[in-house]
Amino acid sequence: MGQPRVFLVDDHELIRAGIRSELAGSVEIVGEADEVAAAAEMILERTPDVVLLDVHMPDGGGVAVLRALNGRCPEVRVLALSVSDAAEDVIAVIRAGARGYVTKNISGPDLLDAIYRVAAGDAVFSPRLAGFVLDAFSLEGTHLEAADVDPDLDLLTPRERQVLRLIARGYSYRDVATELAISPKTVESHVSSVLRKLQLSNRHQLSNWASERHLF
Amino acid sequence: MSAYRHRPERSDVNTTTPPRPVIGTPHRPYRRGVENAILGGVCGGLAIRLGVRERTVRVLFSLTALVAGLGLLLYVVLWLCLPRADESEAIAQRLLGPRRQLRRVLVGLVAIIVLGLLLQALGAPSLGAFTLPIWLSLVGAVGVWRGASPDERRHLEELAKSTPLAGVPGKRSKRSFYLRVILGAILVFAGLRILRHFGGAWYVASPALVGTLILLAGVAVGLAPWWLTTLSDLSGERRERVRVEERANVAAHLHDSVLQTLTLIERAAGDAEAVTRLARNQERELRAWLFDPAHASSPEQARTYVAQLREMEAQVENDWGVKVELVTVGDLELNDNIAALVAAGREAAINAAQWSGAPTVSIYAEVEPVAVSLFVRDQGRGFDVDAVPADRRGIELSIRQRVEQHGGRVTIKSSPGKGTEVELFLPRTP
């Protein structure tokens, strides 16, 4: 695969400049936008491989951009980028369709790694996001009636739990694979499966977090 | 002392008189006090004039008041004749001043006469008993109005506007205002008729009661909007106050923490390490304040596992200049065992910060139904677990001891070049 084509959405010029310089030479930056409406329009027009999307922006932020895209370009993958790692922000943007979430203090190489991973169709889970998911899917305090539980969506498999726990402990995907004696590809598929559950599950905590986000 | 003798033209200019008495130094002229006033400021003003304590003057006035009320009379006269320190005219001067409000007085008079006649027409008992208090209140009201300073008048006007019937209705509510007045008047009239018909006859008390109720209903119809407005004004005011307080809180916090840190960063601009530490510190604090208000606002109450870990995160970041990435799942109340676990975790984290050379220490804490676990991981240089030098053996031992004493277990995984992970595990005892 050649260099991924990346689109930047952030309302702060300084942040965009920082990301540009960090990624220079490693990816092809096909455009930038600093507001929701323009971002959605340009993304549809240029169909980049990866959109680096700021979560906090005026007029609804990253979630609004994802809604505007509304699944019209499934081949465009979105990696959310934010200064905040509050649960409601993370969960809301993932449930709106982002394939991953990183905080803005991420190092250049890690960001690049995340971009490549998302471009390849994988999910990017930071340790903190893994922690949130474990929290949200905890066995204790399940607010679902037994009849409403869809095991395919509302419960994590023991293996997925193991993988998430290792990610939360700061393991890279490669380390996780070594630790569990499975292939990195299998780790990826577990994480993607968790991402799907995160996006589709009706778990009370998840919908709560997501709906709280609408208030902003 | 010519400056003192000069009388300022404008009511709000006169700052030559001190607000409180300067003991031992008399100040001219004698004006009523403003800041040290309890009633009318007569005693406070005299205290300033003579340069003695207010209390002395007040006690003396009270004593003279006992002599046939002489002090009281003196007080009232002084109150009427002395201008307040921040005003140029005394109340008496205003009372006897130009008759600008004559028209209003006349209107009021006519209203009273009409009311009196109306009452008479309805046959209200002993009109004379009614009229004297009414005349007295009228004179009092005019006196209050004429004696009031411009500021006080503005206040009175506001007050008058919000009183029922006499108040000036807003444009939009004009129709409902007239409706209200008419309805109220009919009800009052009906009530009075019934009262008059049966009044004094005790054996027919119930119709009288009905009349009274109707009368009250009439009054209520007249007063309700005023009362409601007052209520909603109050709650609106309360809301506004809450908003203002909230804003002040945010401003205070930003000032105390963020601005202070920015200043420190500007000063330490040359010292990269200090700047990083300051920024990191501030970031953590601001994050806690924004996203975790419960913890931020009552740190002394946050005696939980996660709260302890947060404290540890802050301490290690500050003292050792590394980034600590803390991820927690679940939480529980602090007890001796948990405290020991956190203490051991702290040693492990400090150890990692000190020896591994890695810029980041990852800490993962999980509370499960049966156990509490804590993982401290770095991706630094690592070491051969079986060949630990003696000086680091001690640290490992103390970590191990702390946890094992409380029924837990410790696993240390490390190899040169691959980083280190310390696993602390503690079963939960119900």
Fill in: Tabulated pairs, region B:283-307, first within 11 Å of another protein chain (Cβ to nearest Cβ) and over 23 Å from B:Leu374 (Cβ atoms), second surrounded by 15 or more Cβ atoms within 10 Å (Cβ to Cβ) and modelled with pLDDT under 70, C-beta under 6 angstrom, 6+ apart or interchain
none
Worksheet item: List, please: which pairs have Cβ atoms under 7 Å, are six or more places apart or on different chains, and start with a residue in region B:357-379 that is within 9 Å of chain A (Cβ to nearest Cβ) and end with one that is basic (Lys, Arg) and part of a loop (DSSP other than H, G, I, E, B)?
Response: B:Ser362/A:Arg169; B:Tyr364/A:Arg169; B:Phe375/A:Arg169; B:Arg377/A:Arg169
Item to complete: Provide a single number: the residues in region B:267-289 that are modelled with pLDDT of 80 or more, among the small types (Gly, Ala, Ser) and either under 32 Å from the mean Cα position of the chain (by Cα) or part of a helix (DSSP H, G or I) (or both).
Response: 3
Worksheet, complete the sentence: With criteria (1) facing chain A (nearest Cβ under 9 Å); (2) of a type outside the set (Gly, Ala, Ser); (3) in contact (Cβ under 8 Å) with a residue 40 or more places away in the chain, B:Leu332 comes up short on (1)
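Here's the yes/no breakdown for (1) touching a residue at least 24 places away in the same chain (Cβ under 8 Å); (2) touching a Gly at 6+ places or on another chain (Cβ under 9 Å); (3) aliphatic (A, V, I, L, M):
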{"position": "A:Ala96", "(1), (2), (3)": "yes, yes, yes"}
{"position": "A:Lys104", "(1), (2), (3)": "yes, yes, no"}
{"position": "A:Pro109", "(1), (2), (3)": "no, no, no"}
{"position": "A:Ala114", "(1), (2), (3)": "yes, yes, yes"}
{"position": "A:Ala120", "(1), (2), (3)": "yes, no, yes"}
{"position": "A:Val124", "(1), (2), (3)": "yes, yes, yes"}
{"position": "A:Arg128", "(1), (2), (3)": "yes, no, no"}
{"position": "A:Gly131", "(1), (2), (3)": "yes, no, no"}
{"position": "A:Leu134", "(1), (2), (3)": "yes, yes, yes"}
Fill in: Complete set of residues in region A:84-123 that are part of a loop (DSSP other than H, G, I, E, B) and of a type in the set (A, V, I, L, M)
A:Ala86, A:Ala96, A:Ala98, A:Ile106, A:Ala120, A:Ala123
Worksheet item: Is one or more of the residues making up region A:74-82 farther than 20 Å from A:Leu112 by Cβ and within 19 Å of the chain's Cα centre (by Cα)?
Response: yes
Worksheet item: Taking into account only those residues within region B:335-356 that are farther than 21 Å from B:Phe425 by Cβ and touching a strand residue (DSSP E or B) at 6+ places or on another chain (Cβ under 9 Å), which is farthest from the other protein chains (Cβ to nearest Cβ)?
Response: B:Trp355
Worksheet entry | Single residue of region A:77-105 satisfying the filter (out of contact with any strand residue (DSSP E or B) (no Cβ under 7 Å at 6 or more places or on another chain) and of a type in the set (D, E, K, R)) that is nearest to the other protein chains (Cβ to nearest Cβ) | A:Glu88
Worksheet entry | Filtered residues of region A:40-54 (kept if surrounded by 16 or more Cβ atoms within 10 Å (Cβ to Cβ) and out of contact with any Phe, Trp or Tyr (no Cβ under 8 Å at 6 or more places or on another chain)) | A:Ala40, A:Asp49, A:Leu53, A:Asp54
Item to complete: Collect the residues in region A:48-78 that are out of contact with any helix residue (DSSP H, G or I) (no Cβ under 8 Å at 6 or more places or on another chain) and either modelled with pLDDT of 90 or more or assigned to a helix (DSSP H, G or I) (or both), keeping them in residue-number order.
Response: A:Pro48, A:Arg67
Practice prompt. For region B:406-424, state whether one or more residues are within 14 Å of chain A (Cβ to nearest Cβ), closer than 22 Å to B:Lys323 by Cβ, crowded, with 19+ Cβ neighbours inside 10 Å and basic (Lys, Arg).
Written response: no
Response to the item:
B:Asp331 passes all but one of the listed conditions (1) outside any strand (DSSP E or B); (2) among the acidic types (Asp, Glu); (3) buried (at least 18 other Cβ atoms within 10 Å of the Cβ); the exception is number (3)
Discussion item. Going through A:Ala181, A:Ala177 one at a time, which residue ends up being in contact with a Pro (Cβ under 8 Å, 6 or more places away or on another chain) and without any contact (Cβ under 8 Å) to a residue 24 or more places away in the chain?
Written reply: A:Ala177
Item to complete: Read through the list (1) at pLDDT below 85; (2) surrounded by 14 or more Cβ atoms within 10 Å (Cβ to Cβ); (3) away from chain B (no Cβ under 14 Å), then give the number of the only condition that A:Pro151 fails.
Response: (2)
Item to complete: Return yes when A:Leu112 is assigned by TED's automatic domain parsing to the domain that holds A:Ser21, surrounded by fewer than 24 Cβ atoms within 10 Å (Cβ to Cβ), modelled with pLDDT of 90 or more and over 12 Å from the mean Cα position of the chain (by Cα) and no when it is not.
Response: yes
Discussion item. Name the single residue that is farthest from the other protein chains (Cβ to nearest Cβ) among those in region A:121-138 being of a type in the set (D, E, K, R) and over 17 Å from B:Thr360 (Cβ atoms).
Written reply: A:Asp122
Worksheet item: Can you find a residue in region B:383-405 that is under 52 Å from the mean Cα position of the chain (by Cα), small (Gly, Ala, Ser) and assigned to a strand (DSSP E or B)?
Response: no
Worksheet item: Is it true that some residue in region B:386-401 is within 28 Å of A:Leu164 (Cβ to Cβ), surrounded by fewer than 18 Cβ atoms within 10 Å (Cβ to Cβ) and more than 11 Å from every other protein chain (Cβ to nearest Cβ)?
Response: no
Worksheet item: away from every other protein chain (no Cβ under 13 Å), within 21 Å of the chain's Cα centre (by Cα) and modelled with pLDDT of 80 or more, is that true of A:Val118?
Response: yes
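The values are calculated or read from the model by the stated rules, or taken from the named source; none is laboratory data. Quantities reported herein were computed from a predicted structural model and do not represent experimental measurements. FYI the Cβ positions are ideal-geometry reconstructions off the backbone, even for glycines, and counts take in every protein chain you see.
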